[in-house]
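The values are calculated or read from the model by the stated rules, or taken from the named source; none is laboratory data. Fair warning: this is a prediction, and the values are worked out from it, not measured in the lab. Ideal geometry is used to build each Cβ from the backbone, glycine not excepted, and the neighbour counts take in all protein chains shown. To get the accessible areas, we keep the full protein, side chains included, count just its heavy atoms, and leave off ligands, DNA and RNA. Shrake-Rupley method; radii C 1.70, N 1.55, O 1.52, S 1.80 Å.
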Amino acid sequence: METDRLIIRPYSIEDYMNWLTQYKSRMPSQHKYDEGKIDMSICTENWFGELIDNHQQMALNDKVYIFGIFRKMDHTHLGSIDFSTIMRDDFQWARFGYTIHNQFWRQGYGRESAKAAIKFAFEQLNYHRIEAHINIDNTPSIKLAESIGMEFECIRKGFIHEFGEWTDNLIYFINSN
């Protein structure tokens, strides 16, 4: 996938140093849902290679598709986008996730990459319905979902186990037609 400023594609082993550098360059956490700086000490090149193999296997099994987001002008790793198949058959339904390293926030990369990835998911992965499951107080994620045409559908109570408890999530969706 390409946009004016971005290339969105599966990771390759050649991405390792770029990927690692950008994770290590993250700023401290900016809010509750921003991991900020992460301990990358276990993330060796071999570990990264196994991660890529795992990504490829999940894609071959139509379970999860994970794509790196790279700036076109200098190939800097900006973040990632993923689609998890919820159900196929008569549904063609997936969950959508996105993250941009916090040092690249507020530059439009999230919106630009999400719009391109959604188009790809409809046209190439043949999904009909894509959902974003968003914490109720995650305002930046809500704004991104709305900015790419996703619609609020409902609140799912006690939907995802995180932070040691079952949390409520907003469900935003977009369909292919």
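What the table below lists for this structure:
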quantity	calculated
Within a Gaussian network of the chain (alpha carbon springs, distance under 10 Å), most fluctuating of 124, 57, 92	124
Calculated FRET value between residue 50 and residue 143, using beta carbons and R₀ = 45 Å, to 0.05	0.80
GNM top mover of 14, 112, 131 - the chain, alpha-carbon springs below 10 Å	14
Loop trypsin sites (Lys or Arg not before Pro), segment 84-164, which have at most 13 other Cβ atoms in a 10 Å radius of their Cβ (DSSP)	88, 106
Whole-number accessible area per residue in Å² for the chain, which is evaluated in the context of all protein chains at 1.4 Å	55 Å²
Sulfur and carbon atoms: percent of accessible area, segment 71-139 [1.4 Å]	50 percent
Cα→Cβ-extended label distance, 7 Å offset, between residue 115 and residue 89, nm	3.6 nm
FRET efficiency, 1/(1 + (r/R0)^6) with R0 25 Å, evaluated for residue 25 and residue 156 via beta carbons	0.10
Shape category assigned to segment 86-144 from the gyration tensor of Cα positions, a/c cut at 1.5	oblate
Equivalent ellipsoid, segment 16-138 (semi-axes from 5 times Cα gyration tensor eigenvalues, Å)	25, 18, 14
